[in-house]
1. As an exercise: evaluate Val134 against (1) touching a helix residue (DSSP H, G or I) at 6+ places or on another chain (Cβ under 6 Å); (2) part of a helix (DSSP H, G or I) and give the number of the one condition it does not meet.
2. Taking the stretch 94-105 only, how many residues are open to solvent by less than 10 Å² (accessible area, probe 1.4 Å) and under 15 Å from Ser145 (Cα atoms)?
3. Looking at Val30 and the list (1) touching a helix residue (DSSP H, G or I) at 6+ places or on another chain (Cβ under 6 Å); (2) part of a loop (DSSP other than H, G, I, E, B), which single condition is not satisfied?
4. Give Arg45, Arg21 a once-over and let me know the one that is touching a helix residue (DSSP H, G or I) at 6+ places or on another chain (Cβ under 7 Å) and not in a helix (DSSP H, G or I).
5. Check the stretch 77-93 and report whether any residue there is open to solvent by 50 Å² or more (accessible area, probe 1.4 Å), free of Cβ contacts under 8 Å to residues at least 40 places away in the same chain and either more than 28 Å from Cys605 (Cα to Cα) or in a helix (DSSP H, G or I) (or both).
6. Just for the stretch 195-205: of the residues that are at pLDDT below 85 and within 22 Å of Gly129 (Cβ to Cβ), which one is most open to solvent (accessible area, probe 1.4 Å)?
7. Sort out which residues of the stretch 378-392 are over 16 Å from Arg340 (Cα atoms), of a type outside the set (A, V, I, L, M, F, W, C) and in contact with a strand residue (DSSP E or B) (Cβ under 6 Å, 6 or more places away or on another chain), and write them in order of number.
8. When only residues in the stretch 450-473 that are of a type in the set (D, E, K, R) and either in contact with a Lys or Arg (Cβ under 9 Å, 6 or more places away or on another chain) or not in a loop (DSSP other than H, G, I, E, B) (or both) count, which is surrounded by the fewest Cβ atoms within 10 Å (Cβ to Cβ)?
Amino acid sequence: MPPELPRAPVGLDQTHLALARENIDLLPVVREITRLLPSDFNQQRHLLGVFDAAGRMLASEGDPRARDPLAEINFAPGGLWDESATGTNGPGTALASGQPVHIIGPEHYCEAWRPWHCAAAPIHDPLSGDIAGVLDISGPTQLASPQIFHLALALALAAECSLGARHLQRRCGILRVFGEWCGRYPGEVIIAADRSGRVLAASPGAPHEFHPGQETSGPIRLAISALIEEAADEAPRNARGLLPYDDAAAVVYPVFDGTARIGGCLLLRRIPRGRPTAPPRRRPTRYSFLDLLGQSPGLAEACRIAGAAAANHLPVFILGESGVGKELFAQSIHSASERRDRPFVPVNCGALAPELVESELFGYVGGAFSGARREGSPGKFEAADGGTIFLDEVGELPPGAQTALLRVLQEGEITRVGATQAHAVDVRVIAATNRGLRTALAQGSMRRDLYYRLNVLTLELPPLRERREDIPLLARRFLDVAGATIGRRGLELDAEVMTVLQSYDWPGNVRELQNLMARLVALTSSARITVGDLPAEIRGKAPPSPPIPSTEARWTPQAHRRSADSLAHERAELLALIESTSTMNEAAARLGVTRSTLYRRLERCGLRPKRLFSQS
């Protein structure tokens, strides 16, 4: 935006402003803590503004001598003050940095904002840690003082405490209903969860994964949240198949705080034992969504797409480096789908001999080639009929096999090698590759029509180096599993070990971390694993201890300007990259990152990918 921008853009019209005010918890909380304002605040030529996490002002109050002039630059309810829209300013910069800031006069980017100072502090959600909004106090530049900044900070902290108290009150309301249900249905499996799907309590008979303190996977949390959101206001709703239990029907009862839906209770009722059932069948897969651990944004996005893929039969294309867990995701999708009791057939396409690929995949008739069995043999697709076939390293297939695979996807038919008649198969195809697709397509090693046929639902799995926040959770889980397997339970990792693990780049990704934990369990003699127990190539990556900046230094305008300069430098580099590339894939390849990582970097710099790229 130009520095001459006269007014901030409109972020919310009156209709959407009213709707936003009704659906956000932050506004009533701030109204409660405004009693902390000085009694003469409305005569001090300052304005208190409340902004949501997108930088849109929801409400304001204060001296008309400040409110009316500020309204001329649209510093009023409905105005958009995100940094990408209005440059450096109090609420927008507090959102971008995640820290309290005091922007005074010429520190603003736009000239129209420079007669003012803005003391702003983000308000964090006590449960998730995410920024729920911003509280800002603005007034004439000549009235700027540290006291105004400290007042804004105190109000924001009070709002966070009030949000925490509200969360606790709502939690108690959900748990009260949970207690009533446990008394009404003794022995049943009952789960209490908040609106986001976070489990608050579980009956003794509930599966271990659903007890508080256990890590519930992203898709399962999404499923619980969806059940609570979709439940009827007055009557519980039966829902089968949205949770990973074949023999249970979920009965959902939503819990309200006034008109706001805050959570609910789920009762998993097992099919009565007296009902005749078929003999139990061994499940064709080992993994499910419960095995996907982590809270990083890249993994959460992959889990969201995978959860959506489990609800349909469309082809899935999984992209990612070796060791990131492509087959784990493929098995999880199959386990949560309607095909869960049918075969899951994994095929490593790169391990198939080129001359035998088609007979392995599609089978052959007797006498089709020298050495063929007299009665012929079915192929992998026939073995997967009714279920799912997982084609790992699909880019390694030779051209003839790619042509035959394309026909299966288009027509749902296969023809055995040496046969003249095709016959139908019902197979869901999940393909995966760790090869550069653009290179493969450019070199002709992968057919474009096959790529476009497979590329319906695409999962880009981030490498472990891009989800370092998940490493502690994964390391502890792998340590426990390896300890149970070898018979050495109760091992612990030093805090320094975790620091080293998070600094290492993990070229082998999750598989390398899993193998390391197994090695440590087998070779470490003590009950506590230290840095000295790590292999030299990993131990050598230990970073020096960084100095801890003082609280005052983090909050000064000078420190913020340094952060803003760094962000501006990254923004300029991304803009230069955008000008020299035409698609998101090309830009991501130039940077050497995944497309989802590039999206996050663009968003952090206030750029809009869809506006910058005409195609992706």
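1. With respect to (1) touching a helix residue (DSSP H, G or I) at 6+ places or on another chain (Cβ under 6 Å); (2) part of a helix (DSSP H, G or I), Val134 is out only on (2).
2. The initial filter retains those residues of the stretch 94-105 that are open to solvent by less than 10 Å² (accessible area, probe 1.4 Å), namely 94, 101, 103, 105.
Then keep just the ones that are under 15 Å from Ser145 (Cα atoms); that gives 101, 103, 105.
Number of matching residues: 3.
3. For Val30, the exception is condition (2).
4. Working: Arg21 fails: not in a helix (DSSP H, G or I).
Criteria check complete, one pass: Arg45.
5. Going residue by residue through the stretch 77-93, those that are open to solvent by 50 Å² or more (accessible area, probe 1.4 Å) are none.
Looking through the stretch 77-93, none of the residues is open to solvent by 50 Å² or more (accessible area, probe 1.4 Å), free of Cβ contacts under 8 Å to residues at least 40 places away in the same chain and either more than 28 Å from Cys605 (Cα to Cα) or in a helix (DSSP H, G or I) (or both).
6. Result: Arg195.
7. First, pick out the residues of the stretch 378-392 that are over 16 Å from Arg340 (Cα atoms): 378-382, 391-392.
So of that shortlist, the ones also of a type outside the set (A, V, I, L, M, F, W, C) come out as 378-380, 382, 392.
Answer for the stretch 378-392, where residues must be over 16 Å from Arg340 (Cα atoms), of a type outside the set (A, V, I, L, M, F, W, C) and in contact with a strand residue (DSSP E or B) (Cβ under 6 Å, 6 or more places away or on another chain): Lys380, Asp392.
8. Of the stretch 450-473, the ones of a type in the set (D, E, K, R) are 453, 460, 465-470.
Right, trim to either in contact with a Lys or Arg (Cβ under 9 Å, 6 or more places away or on another chain) or not in a loop (DSSP other than H, G, I, E, B) (or both) and you get 453, 460, 465-466, 468-470.
Values: Arg453: 18, Glu460: 19, Arg465: 15, Glu466: 20, Arg468: 15, Glu469: 13, Asp470: 20.
Out of the qualifying residues, it is Glu469.
The values are calculated or read from the model by the stated rules, or taken from the named source; none is laboratory data. It should be emphasised that the depicted structure is a prediction, and the values quoted were computed from it without experimental measurement. Glycine gets a Cβ as well: all are built from the backbone with ideal geometry, and neighbour counts include every protein chain shown. Quick note on the areas: whole protein, heavy atoms, side chains included, nothing else; ligands and nucleic acids left out. Shrake-Rupley method; radii C 1.70, N 1.55, O 1.52, S 1.80 Å.
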